[in-house]
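Please treat every number below as a calculation from the coordinates, not as lab data. Fair warning: this is a prediction, and the values are worked out from it, not measured in the lab. All Cβ positions, even for glycine, are placed from backbone atoms using ideal geometry, and neighbour counts span all protein chains on display.
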Amino acid sequence: MVKSLSKRAVFLVAGFALAMAAMDCGAEAPAPTERVVTVPVEVERVVEVERVVTVEVPVERVVEVERVVEVTPDATAAPDATAAAPAGPAIYKMGLFEDPISRNTWNYLGGPAGSVWTGYVIGGYHTSLYGYSPQRFDWVPAVADGLPTPLAKETVDGTEFWTTEVSIKQGVEWSDGEPLTADDFVFTLSTVRELSLGSNWASLVHPAFVDRAEALDEHRLKIYFKSTDDEGNAQTPGLSIWQFGLAFMPILPEHYWAPVVEDARQAGEVPQQIEALFAHVPDGEPTANGLEYGQWEPGAFFENSTVPDYYGQGTQVTEYANGAYEATNERLGYTETYYGDPTGDTVLELEIGPHFESEIFSIYGNQDSAILALTKGDIDFLFNPLGLEKGFLDRVRQTADLQVVENLDNGVFYLGFNTRKPPMNNQAFRQAVATVIDKEFVTRTILQDTAIPMYAMVPEGNAFWYNNETAKIGQGLGRGERIAAAVELLKDAGFTYEKEPEVSEDGAFVVNGGEGLRMPDGTEVPELELIAPSAGYDPLRSTFAIWIERWLNDLGIPTKARLIGFNLIVEKLFSETVDKDLDMWILGWGFTIFPNYLENIFHSRHSPELEEGGVNWGGYANPEFDELAAGLLSETTIEGAREKALQMQALLAEDLPYVTLFTTPKIDVFRPVKVEYPYTTVLGGMAQAQGLQHVVLIK
Amino acid sequence: MAAYIVKRVLQIVLTLFVFLTIVFFLVNAQPGDISRLYSLDPNLPPETRAQMQELFGVNEPLWKQYLVHLKNTLTGDLGVSFSLYPRTVADVIKERLPRTLVLFLTATVVSFYLGFGLGKIIAWRRGGWVEYTSTLGGVTLYTVFTPWFGLMMIWLFAFKAGWFPIGKFLDPVVWQDAPSDANTVFNLMLATAVVLSLITFTVFLVTGKKRLGMARALQAGIIAVSVVIVLGVWLSSGVGYLAWDIVRHMVLPIATLTLISFAGTMLLTRNSMLEVIREDYVLAARAKGLPEKAVRDRHVARNALLPVVTSFVFSLAFAIDGGVIIESIFSWPGMGHTLVAATVSEDLPLAVGTFVFVGLFVLLAHLAADILYAYLDPRVRY
């Protein structure tokens, strides 16, 4: 019976499969919508741009800005078909490893939906007053019409404020055709303030500084900043608060969200109101950045569509070697130039898209499948923030149809010290530790160039803010020289040895490690604990930890490296007894372009003892640094901020609350036979630039 | 029997409570909490972390959190997922369960069928090349490193040969502007499988006592007609091509799962049949002059079925939690992937909710297996 059942089963399965195959060939199956389109656009590809950008962002002074407004063309005229990329049914196919969590922007920027995956997918929906230019990250207007007025003090009803005015470009529209107005900005800002939205919203709309905004008319805004803090001390909304903060706040459509927010406000207390707002599924939400929601099959794919008649489509952007930036939008009828004369050599020319009909993010469960899919042509670009292991990288490099691009990351991996405890509270001790760490040896010889040595707290890739002149302690020294220099540093600071370390005659290695190291007060240096992520979590950091342990023991500093789970390290750093329990740790940070993170990490007011949740875990306190850091936050000119940032880096490189160890290159892979990018060199990698969705050309 | 079932249900409730408690405290034993994941941004205001903790309720003492979870679970409210906030756990399970069930139930059935069929054959024809080949091949595949084997299957049949898609459960281009979402199609597929299973079961139940030839003809005819009707319904539904797309994506993971797991059933069947084969009633059946197939299928295989079916029922129960390796390799995010991701990210409600769901299903499967025992073997009485 069973055998006959087997036969029948085979027959049935075969019949079912044939029938399904017939269905598949039937009229119901939609034809694939992909089409190869020739793109008649001249694009100059820039291979490498690494230069100091001189940016002038006027705030408290009048700055001459050349702004050429051309004759406004007929707004109803169709855009030039030869200049614009074709609006054919081209599809930009990308790969992800996880679903976005939500497509609700309030939740994305203010709640648990703020994952990188959510950002890749919905990050292109909304615009802001100002933003960064492509590739070079110049601070330029997005929907703002020109630059804001300089900050001015103004007294309203007896209260003094800092105020500024901004205009919004005429003709900017939401995807449903409604105009984007000053009221939309006011609505977004008031919602953030009234609901006290946290996370990224709080970084953009700093509650201690931002008071309110009001619409002067449909396209003119006035923004009010508090001129004193809660204790009545005078304060100025510096670049990090205004230009690189509030000006970057995404603007959400009031006509869609106002009723939703109104409903959410009925939900009870503020936490319930936030929950209700985050829970809203934004079906039909208008967007203002060229892309809108199309379809989402959780676990399989997410699709965005290009907004028809997107006002920004076809904007020609040119960046010049002399630092000038020019943008021309014929549809809205403007040409705007900043940072100098748009003459001479160009370093980047591109046309803002999207240059496709839709984009599809396919979700893969692992790197192997995703790379195979990329090789086979199922996808054209892979979002891979986890990085590619060397084996993968070698394989991908050998694949003819794939192109690998390496970019500098905007982040750092570091060794931190608990500067409250001896001997880590001694600058000479920290310098001695930095001296014996041979970053070049580990990154090149051991890690085979999968990491790049670092000496400053601002990554080299962030060229404008990076200080190349900081002290590079230990760089270029041999093993014997390092040991000798470190011993000298320690002895000069009052440390004593029972037995100094002995180095081989050729200076290549330590024959006998130092013993009986005592601190200047005569007490013996206790065994120090160095905690770092385990090899399973991060082989780079664990490798560094093991070598640092060895080198410190060679120097006579008794050290034990403990490679533990990432969660355990974080638990320890956020512990209430962090001041007592912590010695040294290895972790990493990812950064923004504007280096206000220096203040957040190292200002003494951010020590966990003084501020709950503060991230100055090492308790670093240096009045000179604090003054610079406070000055950076209130600095209103780019030049002033840059000067302070450079000084802060120099100070940190000497004082060493952290020993910066390395950064990693960001590796992106794509199919050049299918997609073309106007540039691929970009700080943080192409994935961080959201796969260049707004400029990619589909072949 | 009724008293026995009541007793077992009470045991299940008690076991579930213990299970829930252990799961809760085990998941909580991990260092840190989910709010930490959102706190490692140097530009993030410190108040945000406190806000996150309040939002997730992880600022409360552990015993208080436990009581809240206990109450919620008992009232059927599995809570809100932390990592997929603000989606409810029930909603997440509702989304992931059908995918897992369609893939793993199918694979379990196919694997069982293959294993049972081969086990029967190699027990009957001992010492032949079929036995050696099946045993060696089956055991080799049973012990193979699953991630490697899965990737090899993809590389060979999807990448090189191009016969199947590289992972995932659907092709986005086919599903663009689809009239229905994937979960609806998965649910329809499950409903179809249930209907066909019920028809098959009923047909076998009704025709079981009839003469062998007539019974087979009736069974084949009714099942064929049912399949044709079902196909007709799918064809006219407008979503048939979507189901076919899913079926295309299922072939490779099912083949992989079947190949790595059929050996278990095969060897169990073989051993069980070798015990039965020595029974006197088998000798009597042969002495009566019954054909070999009738002796094998009706007298030996049926009596050897008990342990095999028990194993099968438990396999079905565990199909609900999928397999994180297969789900990851084939980009088929289902319950297994959800369970691991929730545990790793300390998404307590989702981890506990998923565990409880799986645990409940397994406990019920045990109950079903006990009841099935009594049905399959009339000698078993409780």
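Give me A:MET94, A:MET454, B:MET266 sorted ascending by neighbouring Cβ count inside 10 Å, so fewest comes first. List each step's numbers first, then the result.
Numbers: A:MET94 26, A:MET454 21, B:MET266 29.
So the residues, fewest neighbours to most, are A:MET454, A:MET94, B:MET266.
Compute the angle between helix B:129-143 and the longest alpha-carbon principal axis of chain B, please, reported from 0 to 90 degrees and rounded to the nearest 10.
The helix B:129-143 is inclined about 10 degrees to chain B.
Within region B:287-316, list the trypsin sites (Lys or Arg not before Pro) lying in a DSSP loop whose Cβ has at most 10 other Cβ atoms in a 10 Å radius. Could the numbers behind the result be given before it?
On the way: sites: B:LYS288, B:LYS293, B:ARG296, B:ARG298, B:ARG302; in loops: B:LYS288, B:ARG302.
Taking region B:287-316 and a limit of 10 other Cβ atoms within 10 Å, the loop trypsin sites (Lys or Arg not before Pro) found are B:LYS288.
So which aspartates and glutamates can A:LYS376 reach, going by Cα to Cα under 15 Å and dropping same-chain residues fewer than 8 places off?
A:ASP368, A:ASP401, B:ASP171
Taking a temperature of 20 °C and a viscosity of 1.002 mPa s, what whole-number D in µm²/s does Stokes-Einstein yield for region B:326-382 with Rh from Kirkwood over alpha carbon pairs?
159
What do you get for Rg/Rh of region A:548-699 when both radii come from the Cα atoms and Rh is the Kirkwood radius?
Ratio value, two decimals: 1.06.
Can you list the lysines whose alpha carbon is less than 22 Å from that of A:LYS169, not counting same-chain residues fewer than 8 positions off?
The qualifying lysines are A:LYS222.
What three numbers, in Å, describe the spread of the alpha carbons of chain B along their principal axes, ordered from the longest?
Principal extents (Cα only, largest first): 86, 53, 42 Å.
Near A:VAL281, within a Cβ-to-Cβ distance under 12 Å, what is the net charge of the other residues, with Lys and Arg +1 and Asp and Glu -1? Don't skip to the end; give the middle numbers.
Numbers: positive: A:ARG103, B:ARG87; negative: A:ASP283, A:GLU285, B:ASP91.
Here the count lands on -1.
Compute the separation of the alpha-carbon centres of region A:324-373 and region A:264-317 and state it in Å as a whole number.
The distance from the Cα centre of region A:324-373 to that of region A:264-317 comes to 21 Å.
Could you list A:GLU165, B:GLU95 so that the one with the fewest beta carbons within 10 Å of its beta carbon is first and the one with the most is last?
Fewest-to-most Cβ neighbours within 10 Å comes out as A:GLU165, B:GLU95.
Which shape class, rounded, prolate or oblate, goes with region A:161-230 when its Cα gyration tensor gives a ≥ b ≥ c as root eigenvalues, a/c under 1.5 marks rounded, and past that a/b bigger than b/c marks prolate?
Verdict is oblate for region A:161-230.
Going out from 0 in 10 Å bins, what whole percent of all Cα-Cα distances in region B:127-174 drops into each bin?
23, 32, 29, 12, 3, 0
With an 8 Å Cα cut-off and a minimum separation of 6 or more residues, compute the relative contact order for region A:401-470 in percent.
Contact order relative to length: 31 percent.
If one takes the longest principal axis of the Cα atoms in chain A, at what angle in degrees, from 0 to 90 and to the nearest 10, does the Cα axis of helix A:479-492 lie?
70
Please compute the Kirkwood hydrodynamic radius over the protein assembly as shown, one decimal place, Å, based on all pairs of different Cα atoms.
32.9
Hey, how many Å between the Cα centroid of region B:100-119 and the Cα centroid of region A:420-474?
Answer, in whole Å: 57.
What angle, in degrees between 0 and 90 and rounded to the nearest 10, separates the Cα long axis of helix A:623-634 from the longest principal axis of the Cα atoms of chain A?
It is inclined by approximately 10 degrees.
Once all Cα-Cα distances of region A:345-432 are split into 10 Å bins that start at 0, what whole-number percent is in each one?
11, 28, 23, 16, 14, 8, 0
In the structure shown, do any of A:LYS421/A:LYS666; B:LYS7/B:LYS64; A:LYS674/B:LYS168; A:LYS560/B:LYS64 have a Cα-Cα gap over 29 Å, and if so which?
Beyond 29 Å between Cα atoms: A:LYS421/A:LYS666; B:LYS7/B:LYS64; A:LYS560/B:LYS64.
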